[in-house]
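The values are calculated or read from the model by the stated rules, or taken from the named source; none is laboratory data. Please read these numbers as outputs of a predicted model, since none were measured by experiment. Note that we place each Cβ from the backbone using ideal geometry, even for glycine, and neighbour counts take in every protein chain shown.
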Amino acid sequence: MNARISRRNLITGGIVTAAGAGLSYRWLANHALIPPDGRSLLGAGETLTYSAQRLLTSGQSLAREFPRSRISTVAPVNGWAPRDAAYRNLLATGFGHWRLSVEGLVARPLSLSLDQLKHLPSRSHVILHACEEGWSYIAEWTGVPLANVLEMAQTRPEARYLIFMPFPNPKQDTFAVRTLWDSIDMTDALHPQTLLAYGMNGENLPADHGAPVRLRMSRQLGYKNTKFLKRIIVTDSLEKFGVRPGARPGTWYGGI
C-alpha cells in the first residue's frame, strides 16, 4: 500500500472519527446524558458508561431483590457515626428534634421530622449494598420512596440533580471531621427502589449505618448512598457546589 495514501487515509479517518465523536458528544449533551464531570479525561469513560446505562435500560428498570433468608449476617460499616455533641444528643433522644430539609428548586420547601417520614407510605427492599472497596452485603431497607417526598415538595421543571448533605462525620483513620455530600440525577431520584431509609433489617437504622435517615438506592455503588442525612438540595447544576470531598475525576456516576 502506498505510504502517502496510507497517511491520507489515516488523517481522513482521524478527522471523521473526531467529527463523529464531537457530534456524539453534542447529542449526549442535548439529551442530558453527560455526567457533571464527564468532560475530564477520565470522565470520557464515565460518559460512555452513564449514557449506555440510560439508553439501554428503562428509568424504571429494577435491581435484583432477594428473599429475607439471604440477608447477610454481617453488615460492614464504612464510616462511623458523627461523634459531635449535637449528633449524640439527637441520637440519645431518638432524633425527636431532627429535621430533614428539602430545598432549592422546589415550589414547597419541606422540613420533615423523623416521625413525619415514618407516617408516610413506606416500602421495604432486600437488596445488595455493592461497594467497590469490598464492604458489600445484603440487607433489608425500609423507608419512604424519595419520589413521594419530591412530589410533596413539587420539584420545578428545570430540576436535574439532587444534592444530599449529611451531618459532619469523622474519618475512620484520623477521626477528623469531614462532610461527604453526594449527588444523583433525577432519573435515580425518581426510581421506585430509591428510598429515604430509616429502617434496616426490621429495626431502626443503626447509627453507624446512617441514622436517622440515609439515602438507599439499588442501582448505585455504596458511596453514593449518603448517610446521616440533614439536607436535600434540588438544583439544575452542580458547578456551584464544587467537587465532592474525596472525589476523583471521572467518578461522579456510580451506577451498577
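Annotations for the structure displayed:
- Within the stretch 172-197, considering residues that are of a type in the set (Val, Ile, Thr) and within 14 Å of the chain's Cα centre (by Cα), the one surrounded by the fewest Cβ atoms within 10 Å (Cβ to Cβ): Thr187
- Any hit, the stretch 155-162, residues being β-branched (Val, Ile, Thr) and in contact with a Ser or Thr (Cβ under 6 Å, 6 or more places away or on another chain): no
- Filtered residues of the stretch 92-132 (kept if assigned to a loop (DSSP other than H, G, I, E, B), of a type in the set (A, V, I, L, M, F, W, C) and under 17 Å from Leu190 (Cβ atoms)): Leu105, Ala107, Leu120
- Candidates in the stretch 198-225 are the residues that are modelled with pLDDT under 95 and among the hydroxyl-bearing types (Ser, Thr, Tyr); of these, the one that is surrounded by the most Cβ atoms within 10 Å (Cβ to Cβ) is Ser218.
Each row is one residue, and each column tells you yes or no for (1) surrounded by 17 or more Cβ atoms within 10 Å (Cβ to Cβ); (2) more than 19 Å from Leu196 (Cα to Cα).
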{"position": "Leu48", "(1), (2)": "no, yes"}
{"position": "Ser51", "(1), (2)": "yes, yes"}
{"position": "Leu62", "(1), (2)": "no, no"}
{"position": "Arg70", "(1), (2)": "no, yes"}
{"position": "Thr73", "(1), (2)": "no, yes"}
{"position": "Thr93", "(1), (2)": "no, yes"}
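- Of the candidates Ser69, Ser58, Ser111, the single residue that is within 20 Å of the chain's Cα centre (by Cα) and either modelled with pLDDT under 95 or small (Gly, Ala, Ser) (or both) is Ser58.
- Cβ-Cβ under 6 Å pairs, at least 6 apart or on other chains, the stretch 229-251 side over 25 Å from Gly143 (Cβ atoms) and at pLDDT below 60, far side of a type outside the set (Asp, Glu) and part of a helix (DSSP H, G or I): Gly250/Gly43
- When the residues of the stretch 114-142 are filtered to those that are touching a His at 6+ places or on another chain (Cβ under 9 Å) and of a type outside the set (Phe, Trp, Tyr), the one that is surrounded by the fewest Cβ atoms within 10 Å (Cβ to Cβ) is Ser136.
- Criterion (in a loop (DSSP other than H, G, I, E, B), at negative phi and not acidic (Asp, Glu)) met by exactly one of Trp135, Trp141: Trp135
- Residues in the stretch 48-80 that are in a helix (DSSP H, G or I) and free of Cβ contacts under 8 Å to residues at least 24 places away in the same chain: Leu48, Ser51, Ala52, Leu55, Leu56, Ser69.
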